[in-house]
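Notes to accompany the following structure.
What follows draws every value from the coordinates through simple rules; no lab data is involved. All figures in this text were calculated on a predicted structure; none of them were measured in a lab. FYI the Cβ positions are ideal-geometry reconstructions off the backbone, even for glycines, and counts take in every protein chain you see.
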Amino acid sequence: MPASSVKEVLAPALDSTSQPPSLFDGTTRLYISYVCPYSQSVWISRNYKGLQDKIKIVAIDLYNRPAWYKEKVYPENKVPSLEHNNKVIGESLNLLRYLEDNFEGPKLLPEDPAKKEFAEELLTYIDNLNKTVISSVKGDVAKEAGVAFDYLEMALQRFEGPYFLGGIGLVDFAFIPFIERFQLFLQDVFKFDITSGRPNLAKWIEELNKLVEYTVTKADPEYVIKSHKKRLLGH
């Protein structure tokens, strides 16, 4: 179980009118966007490891970014990034591993070599999942996107338990933000239920939705659908 379920009050996202926090003052800060799936995966992991008091959330408005973020924090000007021990690192998968290696709390990666190897295989599949689903909107969604969800259905059979590696962990937190969004968008626009005929995927989603450390990070469904329509369909 997670080490902490601290209920926290999240501040509004900082925009171009905002002043920077007291950078590199010893505070560990996770810079995210409340609507970014890559940010969400790290945010969930931070919550599950019980690090709410150790890692401060700082939200950035991606549509009106403060200039200081690029100039003083992270030159890549992307989220998520982590300010820790007088340095800033980025890229969501790097940050997931960094949290695992540098902070206390429940372990998110297994010790078992076979499970570790499968974890790496799954993590490399996230880009394929995104590309497959996104390209499918121009063709036969159920057939083309279905291939990606079939892969996940089979992956969830590899080890006993409702999660990818049996017990809950980093791989689940890496995937769920994308599944959350695709499930909403594909159902709304194409009436394609990603869980139909995929009981393992349905159970996995159901179990994760029982986890408050995840549910507090979920994006507004209406925003998800609207933003995906605009980005993927042009309207």
GNM, the chain, Cα, under 10 Å: largest mean-square fluctuation among F178, F24, F149?
-> F24
The Rg/Rh figure for the range 70-135, Cα atoms and Kirkwood Rh, to two decimals is 1.05
In degrees from 0 to 90, rounded to the nearest 10, what is the angle of the helix 113-136 Cα long axis to the longest principal axis of the chain?
-> 80
To the nearest 10 degrees, how steep is helix 170-190 against the longest Cα principal axis of the chain, on a 0 to 90 scale?
-> 60
For each of V79, V212, count neighbouring Cβ atoms within 10 Å of the residue's Cβ, then give the residues from fewest to most.
-> V212, V79
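Per residue, how big is the convex hull around the C-alpha atoms of the chain? Give it to me in cubic angstrom, could you?
Hull volume over Cα atoms, normalised by residue count, gives 126 Å³.
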Crossing angle, helix 92-102 versus the chain [Cα axis fit, 0-90 degrees, rounded to tens] = 60
Surface/4 estimate of mean projected area, convex hull on alpha-carbon atoms of the range 1-106, nm² = 6.3
Distance from the range 128-169 to the range 15-30 (C-alpha centre basis), Å = 37
List the relative contact order of the chain as a percent without decimals, with contacts defined as Cα pairs under 8 Å and 6+ residues apart.
-> 20
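Among H235, H84, which comes first, second and so on when ranked by fewest other beta-carbon atoms within 10 Å?
On the way: H235 6, H84 20.
Ascending Cβ contact count within 10 Å gives the list H235, H84.
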In sequence order, what are the phi-derived ³J(HN,Hα) couplings for the range 31-45 according to the Karplus relation 6.51 cos²θ - 1.76 cosθ + 1.60 with θ = phi - 60°, rounded to whole Hz, with x for glycine and proline?
-> 8, 9, 10, 5, 10, 8, x, 5, 4, 4, 4, 6, 4, 4, 4
Take the Cα of E206, step 7 Å along the line toward its Cβ, and report every residue of the range 128-167 whose backbone nitrogen sits under 12 Å from that point.
-> 162
Fewest to most Cβ atoms within 10 Å: S18, S196 sort as S196, S18
Nitroxide proxy distance, nm - points 7 Å out along Cα→Cβ at S135 and R231 = 1.8
